[in-house]
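The values are calculated or read from the model by the stated rules, or taken from the named source; none is laboratory data. For clarity, every value in this text was computed on a predicted model and none was experimentally measured. Cβ atoms come from the backbone with ideal geometry, glycine included; neighbour counts cover every protein chain shown.
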Amino acid sequence: MAIEREEAIVLSRTRFGETSLLATLFTKNRGPLRFVVKGARRPRSRFGGRLEPTHHILAVYYRKEGRDLHLLSDADLLTSFSGLRGSLLRLAHAYAIIDALVGLKREETPAENLFRLALHALAAAETEPETALEAALWSFLLAALTDAGYRPELARCVRCGRDLRRSSARFDPRAGGVACAGHGEGGLLLSPGTIGILGGLATGTVREAPLSGREIAEGREAFRRFFEEHGLGRTPFRALDLLAPRARKG
Ligand SMILES: [Zn+2]
């Protein structure tokens, strides 16, 4: 049993036994790992308040080789992202970020780049204007998918290479991205605004104007289908879908 000390992001936690917790942490060096946190629910536990989902912590733990449950012995809070908790919309965006992390990295694999992207995205969810949150989330999802080796093609037809950023297109997750009218049979129809935003994010240009309700709905559906088609775990919009009436305004 080896003792480890490294940065982590808290993904989730549930009650375990009388006084303990089970916590899933996204660790910088080993990706997602599950922990028993003994006594964490006792009054005056040293873990009190530190293991909230989205918290950035310094974790000290005993790693049991070949096991899928480890023992968390200490946690220092590095960043709480407390601004997320003043807004349901911001918090739902933060949950989309941590939900995406679960399926994008296998346990026991180094995750330094994805870890850095996630911290940056959580800070954006806390501080960007609310109208910019959706584009910031999509930008994170694209970067995270690219890091995991699943970069979707969003600017050009996957079959003929035609630039599609000013026309409507179909999104075909099995083919790996968008296709023009002549090559995209079936698949999800994306309006010119949506393909413009997605193609822009993929090529490093972000539109200033807020996204419309239709663009948000189409873009989320494209990511949802891509995550499902490639078996990338939980779809990252569960919490945001609960806020749908608000998010689709405009
Ligand atoms: Zn084409």
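Restricting segment 68-89 to residues that are aliphatic (A, V, I, L, M) and in a helix (DSSP H, G or I), which is surrounded by the fewest Cβ atoms within 10 Å (Cβ to Cβ)?
Residues of segment 68-89 that are aliphatic (A, V, I, L, M), as a first pass: 69, 71-72, 75, 77-78, 84, 88-89.
Still in the list and also in a helix (DSSP H, G or I): 84, 88-89.
Numbers: Leu84: 23, Leu88: 14, Leu89: 17.
Result: Leu88.
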Condition broken by Val178, with the remaining ones in (1) touching a Lys or Arg at 6+ places or on another chain (Cβ under 6 Å); (2) within 13 Å of the ligand (Cβ to nearest atom) satisfied
(1)
Which numbered condition in (1) within 16 Å of the ligand (Cβ to nearest atom); (2) touching a residue at least 40 places away in the same chain (Cβ under 8 Å) is the only one that Arg207 fails?
(1)
Can you tell me how many residues in segment 181-201 are in a helix (DSSP H, G or I), surrounded by fewer than 19 Cβ atoms within 10 Å (Cβ to Cβ) and within 16 Å of the ligand (Cβ to nearest atom)?
1
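The rows are residues; the columns are (1) hydrophobic (A, V, I, L, M, F, W, C); (2) within 25 Å of Leu88 (Cβ to Cβ); (3) not assigned by TED's automatic domain parsing to the domain that holds Ala100.
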residue	(1), (2), (3)
Ala144	yes, yes, no
Ala148	yes, no, no
Val158	yes, no, no
Arg166	no, no, no
Glu229	no, no, no
Leu232	yes, no, no
Ala239	yes, yes, no
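Look through segment 153-175, keep the residues that are touching a Leu at 6+ places or on another chain (Cβ under 7 Å) and outside any loop (DSSP other than H, G, I, E, B), and return whichever of them is farthest from the ligand (Cβ to nearest atom). Lay out the reasoning, then the answer.
Pass one, segment 153-175, residues touching a Leu at 6+ places or on another chain (Cβ under 7 Å): 154-157, 168-171.
Cutting the leftovers down to outside any loop (DSSP other than H, G, I, E, B) gives us 156, 169-171.
On the way: Arg156: 8, Ala169: 9, Arg170: 10, Phe171: 13 Å.
The residue in question is Phe171.
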If you take the residues in segment 90-132 that are modelled with pLDDT of 95 or more and closer than 17 Å to Gly204 by Cα, which one is surrounded by the most Cβ atoms within 10 Å (Cβ to Cβ)?
Ala121
